[in-house]
1. State all residues of the range 296-313 that are closer than 15 Å to residue 326 by Cβ and assigned to a loop (DSSP other than H, G, I, E, B); if no residue qualifies, say none.
2. In the range 314-344, which residue that is touching a residue at least 60 places away in the same chain (Cβ under 8 Å) and not in a strand (DSSP E or B) is surrounded by the most Cβ atoms within 10 Å (Cβ to Cβ)?
3. Mind checking whether some residue in the range 195-207 is more than 28 Å from residue 61 (Cβ to Cβ) and assigned to a helix (DSSP H, G or I)?
4. Residues being surrounded by fewer than 14 Cβ atoms within 10 Å (Cβ to Cβ) and either on the phi > 0 side of the Ramachandran plot or assigned to a loop (DSSP other than H, G, I, E, B) (or both): count how many of those fall in the range 115-131.
């Protein structure tokens with residue numbers, strides 16, 4: 001029954017070939033990813049350099065703008081100081097009197113011209129300057145003149161106040177936008193500097209992405225290989241278990257195989273052996289010595305005793321397991337089971 005209780009057959013060769021092909025495909029993919037990553041790197045570096053150059057150019061321009069704004073602010077600062085001094089020095093009352101005087105002088109000059117023209121006209125018409133008509137016209141002219149002088153004075157004072165307000169407003173607003181513009185230029189420069197850092201980091205991540213993908217694939221390849229060999233191992237264990245369930249003796253031999261050759265030798269039941277040949281007799285116990293091989297390991301040859309014969313001479317040296325198979329305590333017999341050959 002040696003051939004019937006041998007170990008499980010090897011996995012289907014097609015499965016092994018498929019596993020090898022799969023690993024080869026994965027290895028080829030990793031090589032292609034690495035190759036493409038190496039090929040794209042020059043372009044990535046070129047784009048990275050372009051981004052860095054653009055960020056640097058924008059930064060330099062922002063600093064030039066900032067310097068221009070600061071220089072312009074310094075140039076116009078003296079003008080702002082002048083406007084402030086003019087606004088402070090402006091006295092509305094004095095200015096009002098000045099403007100009123102000029103306006104009233106213009107009114108007086110205008111009415112003087114008008115009165116002279118009126119006298120000349122009346123003289124041509126033969127009107128006596130002392131007549132009631134002449135006096136009435138003079139009174140009307142005087143009233144108009146007074147009204148005009150009052151209006152001129154009031155208008156001049158109003159203009160003086162408006163001019164004072166305008167000077168103050170101009171001094172307040174002059175160059176008000178330049179500090180903010182300078183701050184914006186400084187902020188823009190800082191932003192361009194940060195963008196250069198971001199561009200560099202993104203470029204590095206892009207150049208390393210191919211290697212990262214290759215590393216991930218390599219890890220997947222290792223997992224696949226582990227899974228493949230695990231499947232083979234499970235196949236082997238499953239086949240062995242199926243054989244053991246079908247043949248209790250196979251289970252016994254399988255357990256012996258896991259314990260090692262020395263432990264296998266202690267199983268001396270004739271039913272577990274094959275190719276048995278008598279080779280001598282032990283003088284001390286009188287037991288026959290046989291050369292044999294176990295059905296599980298037919299390539300190994302051993303010399304030892306048979307348990308059924310030991311039962312007749314020294315039953316205490318024989319042990320029986322739950323399945324009814326015998327093993328021999330060679331120490332109790334004073335003997336040693338020896339391996340005498342291995343054809344593997």
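1. 305, 306
2. Among them, the one singled out is 325.
3. First, the residues of the range 195-207 that are more than 28 Å from residue 61 (Cβ to Cβ): 207.
The next check asks that each one be assigned to a helix (DSSP H, G or I); those that pass are 207.
Yes, some residue in the range 195-207 is more than 28 Å from residue 61 (Cβ to Cβ) and assigned to a helix (DSSP H, G or I).
4. Residues meeting the conditions: 6.
Read the figures in this text as sums done on the coordinates, not as results from a lab. Computed from a prediction, not measured in an experiment: that's the story for all the values here. Heads up, the Cβs are rebuilt from the backbone with ideal geometry, glycines too, and the neighbour counts pull from every protein chain shown.
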